[in-house]
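After the structure tokens below, expect a handful of questions from me.
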Amino acid sequence: MFKKLTEDGTPFVIAEVGQNHQGDLSIAREFIRIFAFEGADAVKFQTRNNRYLFSPEAYNAPYHSENAFAPTYGMHREHLEINPEWLPILKEDCEKHGVRFMSTPFDEPSLELLQSIDVDILKVASFDLGNLPFINKIASLGKPVVMSVGGGDIDQIRSSIEVLLGHHDEVAILHCVSEYPCEYSRLGLESIQILSREFPDCTIGSSDHFNGTLSGPIAYLQGARVFEKHVTLNRAWKGTDHSFALEPEGFRKFVRDIKRVRHMLPPKSTDELGTERVFFKLGKSLIASCDIEAGEELTLKNLSGRIFNTQYIPVRESNRVIGKRANCHIAKGEPIQYSNVDT
């Protein structure tokens, strides 16, 4: 899927909702509607079974963050999770709005849930890079897989990719720095080139936690073709991910600018150079800066430029006549024409 969609340079952009839906189905559905309209190709959520994922000790640990939705970490997480009953609704909304439904399973029960609703794309989070048993289960479903590699070394990435490619080649690897938020000077986007060289059978991309849009076009220039960006409806909402996520207008510009990059790169045809409308209106033509007699050489000192309603020899072509001799008298201020010059 990824290679086919991006083979002509077209970017594939994922709007990462994560838990920014605030545990509210109506808000989750609004994310799909809005970010599909703003240019997303896929809308991604996260799926967890917290009692399976966390030990009892971790689940019941007190949570005192200013972003806490409950007094213990487990209950805080429960407040923000996708209800399993919402999954088919969200997938149907994605189909309605013309985007792919994507989710990150953080555990085996969640993977089974996503399989049951026929999720379009699965994500391997950076936390599970190198988790070969779980990656094998994900890949075995035959769905396109996106994997972030934040915090991982090259051997962990290689072993994970080997497992994925053992099942199919619909794999995208996203360069990622696991800092939330990530400062612009920490993005390390040149690593995209390394991934491209190391894994030519995979589509390479970028997942960043930078709070701006410039990372997208720069990553494209480094070779990224799949892009994942956190999104929100309001950066001021309570929660850890809203502050560095893009609101709808920011995401629209993120997508727009990434899509423009490939069209900015090809040079203009040499046949068109100098024929731009502005040169016909304001382009200078060569003139005699003093009287030039027949047989006199045209030099840097006896030529200048002036704008006429009709263009004669453009000043940019002065190199073609300097050093040649006039074959007739040319009065000061008159335009130079090729017929006035010996060939």
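The values are calculated or read from the model by the stated rules, or taken from the named source; none is laboratory data. Just so you know, these numbers come straight off a predicted model, no measurement behind them. Ideal geometry is used to build each Cβ from the backbone, glycine not excepted, and the neighbour counts take in all protein chains shown.
Right, TYR52: modelled with pLDDT under 95 and not β-branched (Val, Ile, Thr) or not? Lay out the reasoning, then the answer.
Numbers: modelled with pLDDT under 95: no; not β-branched (Val, Ile, Thr): yes.
No.
Determine whether PRO105 is free of Cβ contacts under 8 Å to residues at least 60 places away in the same chain and farther than 17 Å from THR240 by Cα. I'd like the intermediate steps shown before the answer.
Numbers: free of Cβ contacts under 8 Å to residues at least 60 places away in the same chain: yes; farther than 17 Å from THR240 by Cα: yes.
When the stated conditions are applied, PRO105 passes them.
Taking the stretch 112-129 as the search range and keeping residues that are assigned to a loop (DSSP other than H, G, I, E, B) and charged (D, E, K, R), which one is surrounded by the fewest Cβ atoms within 10 Å (Cβ to Cβ)?
Restricting attention to the stretch 112-129, the residues satisfying the condition of being assigned to a loop (DSSP other than H, G, I, E, B) are 117-120, 125, 129.
Filter again for charged (D, E, K, R), leaving 118, 120.
Numbers: ASP118: 11, ASP120: 19.
Here the answer is ASP118.
Which ones in the stretch 9-31 are among the small types (Gly, Ala, Ser), in contact (Cβ under 8 Å) with a residue 60 or more places away in the chain and surrounded by fewer than 23 Cβ atoms within 10 Å (Cβ to Cβ)? Working first, answer last.
Of all residues in the stretch 9-31, those among the small types (Gly, Ala, Ser) come to 9, 15, 18, 23, 26, 28.
Filter once more, keeping what is in contact (Cβ under 8 Å) with a residue 60 or more places away in the chain: 9, 15, 18, 28.
Residues satisfying the conditions are GLY9, GLY18, ALA28.
Run down PHE308, PHE279, PHE227 and say which single residue is surrounded by 11 or more Cβ atoms within 10 Å (Cβ to Cβ), in contact with an Asp or Glu (Cβ under 9 Å, 6 or more places away or on another chain) and not β-branched (Val, Ile, Thr).
Working: PHE308 fails: in contact with an Asp or Glu (Cβ under 9 Å, 6 or more places away or on another chain); PHE279 fails: in contact with an Asp or Glu (Cβ under 9 Å, 6 or more places away or on another chain).
Result: PHE227 is the single residue among PHE308, PHE279, PHE227 that is surrounded by 11 or more Cβ atoms within 10 Å (Cβ to Cβ), in contact with an Asp or Glu (Cβ under 9 Å, 6 or more places away or on another chain) and not β-branched (Val, Ile, Thr).
To keep it simple, each residue is scored yes or no on (1) modelled with pLDDT of 95 or more; (2) of a type in the set (Gly, Ala, Ser).
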| position | (1), (2) |
| --- | --- |
| GLU57 | yes, no |
| ASN67 | no, no |
| HIS79 | no, no |
| PHE106 | yes, no |
| VAL119 | yes, no |
| SER126 | yes, yes |
| ASN131 | yes, no |
| ARG158 | yes, no |
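Please indicate, with yes or no, whether at least one residue in the stretch 260-269 is within 30 Å of SER178 (Cα to Cα) and either of a type in the set (S, T, N, Q) or loosely packed, with under 14 Cβ neighbours inside 10 Å (or both). Break it down stepwise before answering.
Residues of the stretch 260-269 within 30 Å of SER178 (Cα to Cα): 260-262.
Narrowing further to those that are either of a type in the set (S, T, N, Q) or loosely packed, with under 14 Cβ neighbours inside 10 Å (or both): 260.
Yes, there is a match, as at least one residue in the stretch 260-269 is within 30 Å of SER178 (Cα to Cα) and either of a type in the set (S, T, N, Q) or loosely packed, with under 14 Cβ neighbours inside 10 Å (or both).
Restricting attention to the stretch 83-102, which residues are among the basic types (Lys, Arg) and without any contact (Cβ under 8 Å) to a residue 40 or more places away in the chain? First the steps, then the outcome.
Start the filter on the stretch 83-102 by keeping residues that are among the basic types (Lys, Arg), which leaves 91, 96, 100.
Selection gives LYS91, LYS96.
Given (1) under 31 Å from the mean Cα position of the chain (by Cα); (2) under 28 Å from SER243 (Cβ atoms); (3) without any contact (Cβ under 8 Å) to a residue 40 or more places away in the chain; (4) assigned to a helix (DSSP H, G or I), where does MET75 come up short, assuming only one miss?
With (1) under 31 Å from the mean Cα position of the chain (by Cα); (2) under 28 Å from SER243 (Cβ atoms); (3) without any contact (Cβ under 8 Å) to a residue 40 or more places away in the chain; (4) assigned to a helix (DSSP H, G or I) applied to MET75, the lone miss is (1).
Being at pLDDT below 95 and either of a type in the set (Lys, Arg) or touching a His at 6+ places or on another chain (Cβ under 8 Å) (or both): is that true of LYS3 here? Walk me through how you get there before you give the answer.
On the way: at pLDDT below 95: yes; either of a type in the set (Lys, Arg) or touching a His at 6+ places or on another chain (Cβ under 8 Å) (or both): yes.
In short, yes.
Looking only at the stretch 138-185, which residues are closer than 28 Å to VAL231 by Cβ, surrounded by fewer than 17 Cβ atoms within 10 Å (Cβ to Cβ) and charged (D, E, K, R)?
GLU179, GLU183
Can you name the residue in the stretch 309-341 that is within 27 Å of LEU273 (Cβ to Cβ) and touching a Lys or Arg at 6+ places or on another chain (Cβ under 9 Å) and is also modelled with the lowest pLDDT among such residues?
Ranking the candidates gives GLN311 first.
Let me ask something else. Quick check on the stretch 96-137: of everything there that is of a type in the set (Ser, Thr, Tyr) and touching a strand residue (DSSP E or B) at 6+ places or on another chain (Cβ under 7 Å), which residue is nearest to SER178 (Cα to Cα)? So that I can check it myself, show each step before the final result.
Step one: of the stretch 96-137, the residues of a type in the set (Ser, Thr, Tyr) are 103-104, 110, 116, 126.
Filter once more, keeping what is touching a strand residue (DSSP E or B) at 6+ places or on another chain (Cβ under 7 Å): 103-104, 110, 126.
Numbers: SER103: 18, THR104: 16, SER110: 23, SER126: 8 Å.
The residue in question is SER126.
Let me ask another. Is it the case that LEU132 is of a type outside the set (Ser, Thr, Tyr), free of Cβ contacts under 8 Å to residues at least 40 places away in the same chain and either surrounded by fewer than 18 Cβ atoms within 10 Å (Cβ to Cβ) or assigned by TED's automatic domain parsing to the domain that holds GLU16 (or both)? Outline the logic, then answer.
On the way: of a type outside the set (Ser, Thr, Tyr): yes; free of Cβ contacts under 8 Å to residues at least 40 places away in the same chain: yes; either surrounded by fewer than 18 Cβ atoms within 10 Å (Cβ to Cβ) or assigned by TED's automatic domain parsing to the domain that holds GLU16 (or both): yes.
Yes.
Here is a further query. Restricting to the stretch 186-218, name every residue that is surrounded by fewer than 23 Cβ atoms within 10 Å (Cβ to Cβ), charged (D, E, K, R) and under 15 Å from the mean Cα position of the chain (by Cα).
GLU190
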